[in-house]
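The next block holds one structure in the form of structure tokens; read it before the comments.
The values are calculated or read from the model by the stated rules, or taken from the named source; none is laboratory data. Quick caveat: nothing in here was measured; it's all calculated off a predicted structure. We place every Cβ from the backbone using ideal geometry, glycine too, and count neighbours over all the protein chains shown. The accessibility values were calculated without ligands, DNA or RNA, using every heavy atom of the protein model including side chains. Shrake-Rupley method; radii C 1.70, N 1.55, O 1.52, S 1.80 Å.
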Amino acid sequence: EDGKLVLEASGAEGDSVRVLLPSWLSAFGDYTITSNTTITAKANESRWCSIMYRVQNNDSPYYHLCLRANASSSNGVELACRNAASQWEYQTKTSYTEDLDPAKLYKVVLKASGNDADIYIDGEFVGGGYGIDSYRTGSIGMQASGSTAVFDDIKVTLDFEPEETSALAPTV
């Protein structure tokens, strides 16, 4: 809608919809994902949207940065893994300074690098998760659960660490 990705799943708490970005991104696992995001409708205050990363089998298991409509609650922002048994494993549960305003887009940044992931909202570090080492690469996607989520200006920046090489003396 109007150049934005809108995921509609606000009819009931269990409603869920997701979309994956182009499959060639699944070859990578260290990246920064940025999106201007909000929730415009929800089945209840705890419903959420998320940035999915390192998605396996184009479905599950996967990691995600979950952003709840009541983002100021103690679990309003989460880093979690949906494991192979369809259970949630949490790396981080934290809160943001305010609940999501449906009329405002929040700049959400997820930086995944090696075993770590960091969350930034509107330039503020919100939290980090460690031990995300079960899956090192995978697809990237957006998801809504019991909510209507808006994602705009989605950007994926691949992070490459230069390989260490031994320095050789110049030769002619």
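In the context of the full protein assembly, GLU45 retains an accessible surface of approximately 90 Å², using a probe radius of 1.4 Å and ignoring ligands and nucleic acids.
Across the stretch 21-98, how large is the tail of the calculated P(r) beyond 18 Å, expressed as a percent of all Cα pairs?
On the way: 1374 of 3003 pairs.
Summing the P(r) tail past 18 Å for the stretch 21-98 gives 46 percent.
Taking a straight Cα-Cα cut-off under 17 Å and skipping sequence neighbours fewer than 8 places away in the same chain, the lysines within cross-link reach of LYS111 are LYS93, LYS155. Local charge for THR34 was computed over the other residues whose Cβ lies under 12 Å away, with Lys and Arg +1 and Asp and Glu -1, and equals 0.
Ligands, DNA and RNA excluded, the heavy atoms of LYS4 present near 70 Å² of accessible surface to a 1.4 Å solvent probe.
Quick check for you: with a 1.4 Å probe and neighbouring chains kept, what is the accessible area per residue of the stretch 1-52, in Å²?
Values: 2520 Å² over 52 residues.
Per residue, the stretch 1-52 has an accessible area of 48 Å².
Note on the stretch 10-164: dipole from Cβ charges, positive end direction compared against ILE39, SER139, ALA12; the farthest Cα belongs to ALA12. Within the accessible surface of the stretch 1-74, defined with a 1.4 Å probe on protein heavy atoms only, the carbon and sulfur portion equals 45 percent. Computing Rg and the Kirkwood Rh from the Cα coordinates of the chain gives a ratio, Rg/Rh, of 1.04.
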